[in-house]
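The values are calculated or read from the model by the stated rules, or taken from the named source; none is laboratory data. Bear in mind the structure is a predicted one, so any value in this text is a computation, not a measurement. Note that each Cβ is placed from the backbone with ideal geometry, even for glycine, and that neighbours are counted across all protein chains shown. These area figures cover heavy atoms from the full protein model, side chains too; ligands, DNA and RNA do not enter into them. Shrake-Rupley method; radii C 1.70, N 1.55, O 1.52, S 1.80 Å.
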Amino acid sequence: MNKALAAALLVACSLTVHAQTAQPSKAKQDLIAKVLELQRPVVENQARVMAEQPAAVMLQRAAAVAQQRLPVEKREPLLKDLQNDARQYAEEVSPHARDKAAALLPTTIGAVLDAKFNEAELKKLLTILQDPVLRKFEQAQPDMARAMGEKLVPEMKPLLEPKIKALEQTMGRKLEAAITAAAPAGAASGTKP
């Protein structure tokens, strides 16, 4: 009987400990909520970028095809029209991505913060995130990225363009060869069986 009672107490203690570790303290929850609120704009921006990325890739591909196959007078209006389509897509999906990211904050980033940081560390993290110099630096990041992009793209273009074209040609030849090799003999030669 003593063994059964000891086992029951052990199970009860382990369940109590598990329940305590499963739910953070109110103070820790408040700290996590403050960190999440400070990180919300960053996460919303990441979600927006992720949602808009397919349209950006499609625009790049369309521009490359238009560059190769269309005269300038037809290329420019087409690209403007495609940019408008991409902008409309972004206007439609970005709010949904932002809202979904905000809704997922507590169960994703919040859960990681709870698992990886104690209350003292969260307090220090909040101090860092609320520092005016860090905020100023974060606000300057789009300007810094734009400045870098304005200089980097022209600097890299002469190096990248020929390499990209060579890669496209190599991939195109290999893809064409694979398609030709996979086609039935009559289809490859253009004759009917």
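If the condition is being surrounded by 13 or more Cβ atoms within 10 Å (Cβ to Cβ) and either acidic (Asp, Glu) or without any contact (Cβ under 8 Å) to a residue 12 or more places away in the chain (or both), then segment 96-110 contributes LEU104, THR108.
Would you say ASP99 is assigned to a helix (DSSP H, G or I) and within 17 Å of ARG40 (Cα to Cα)?
Criteria met by ASP99.
Look at segment 161-181: where a residue is closer than 17 Å to VAL65 by Cα and open to solvent by 100 Å² or more (accessible area, probe 1.4 Å), no partner that is in a helix (DSSP H, G or I) and β-branched (Val, Ile, Thr) sits 6+ places away or on another chain with Cβ atoms under 6 Å. Does ALA145 meet the test of being surrounded by 10 or more Cβ atoms within 10 Å (Cβ to Cβ) and touching a helix residue (DSSP H, G or I) at 6+ places or on another chain (Cβ under 7 Å)? No: the conditions fail for ALA145. LEU9: modelled with pLDDT of 90 or more and either surrounded by 10 or more Cβ atoms within 10 Å (Cβ to Cβ) or not polar (S, T, N, Q) (or both), yes or no? It is false that LEU9 is modelled with pLDDT of 90 or more and either surrounded by 10 or more Cβ atoms within 10 Å (Cβ to Cβ) or not polar (S, T, N, Q) (or both).
Given the condition open to solvent by less than 70 Å² (accessible area, probe 1.4 Å), closer than 19 Å to GLU44 by Cα, part of a helix (DSSP H, G or I) and in contact (Cβ under 8 Å) with a residue 12 or more places away in the chain, answer yes or no: does some residue in segment 111-119 qualify? Yes, some residue in segment 111-119 is open to solvent by less than 70 Å² (accessible area, probe 1.4 Å), closer than 19 Å to GLU44 by Cα, part of a helix (DSSP H, G or I) and in contact (Cβ under 8 Å) with a residue 12 or more places away in the chain.
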